[in-house]
Amino acid sequence: MLPSFEDKINIAIIGASGAIGSAFVEAFTAYEKADKIYTFSRSNIDNKHSKIISHTINIENESSIALAAECVQEKLDIIVVATGFLHDGETLQPEKSLREIDENKMIKSYMVNTIGPALIGKHFIPLLQRDRKSVFAAISARVSSISDNQLGGWYSYRCAKSALNMFIKTASIEAARKFKQAAIIGLHPGTVDSKLSEPFKKNVAEGSLFSPAFSVDELIKVIDIIKAEQTGQLFAWDGQEIPY
């Protein structure tokens, strides 16, 4: 795993307590070249491994994000933003029609899916390595693709993740001026068996619902093969580029 990273590497995972985030933590912990793994979540994760340095973060508060970034004492080779919001299991659900668009729903979606990751980028991208390959990867979604939107619906989630894609593209242009070997990318994990997908699993085709461990193993392969010239793009779990 990760042969493109030749030396010991330092990693930060934001959203480390979620299904995808915790799978990233487990996978990287088992990687022998991983030196330090900074994990950030609303509550400290219960993992006592010597590689892991755990801190709290509130991605809806810039001061919390800035303090989290200050906890990192080394340059980072990989930053994974594994946060996301689709529903709350109760009142905030994906919209099926225009009449279901709701101000609070859209604000929450943009806060978690766009603004939070953008603020993380603001404070964490400057921590990337400058003299070798580094990757900032944020979890996006295939439904964020404007050109691939065939079904409609899910207004808040689609719009917020599309806005995240624009942040990724824009940040990649600026970052390339200082971080010549960095790739700033979005990742689509597929449909993962998690709380986020729970209400919709019955509609997923057989063989298309992935375990967090499988999805993350595939995403790490993408992180490994990605090159600096591919910065600013969105990739699916299988390495295929998804058009914006």
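Of note:
- Members of the range 28-69 that are over 16 Å from the mean Cα position of the chain (by Cα) and among the polar types (S, T, N, Q): T29, S43, N44, N47, S50, S54, T56, N61, S63, S64
- So R99, is it under 26 Å from K221 (Cβ atoms) and charged (D, E, K, R): no
- Checked against (1) in a helix (DSSP H, G or I); (2) surrounded by fewer than 16 Cβ atoms within 10 Å (Cβ to Cβ); (3) of a type in the set (V, I, T); (4) touching a residue at least 24 places away in the same chain (Cβ under 8 Å), I146 meets all criteria but (1).
- Any hit, the range 58-68, residues being surrounded by 22 or more Cβ atoms within 10 Å (Cβ to Cβ), touching a residue at least 60 places away in the same chain (Cβ under 8 Å) and not polar (S, T, N, Q): yes
- Just one of the listed residues (H49, H55) is surrounded by 18 or more Cβ atoms within 10 Å (Cβ to Cβ) and of a type outside the set (A, V, I, L, M, F, W, C), and it is H55.
Any read-out appearing in this document is the output of simple, stated calculations on the displayed coordinates, not a laboratory observation. Quantities reported herein were computed from a predicted structural model and do not represent experimental measurements. Cβ: placed from backbone, ideal geometry, glycine included. Neighbour counts: every protein chain shown.
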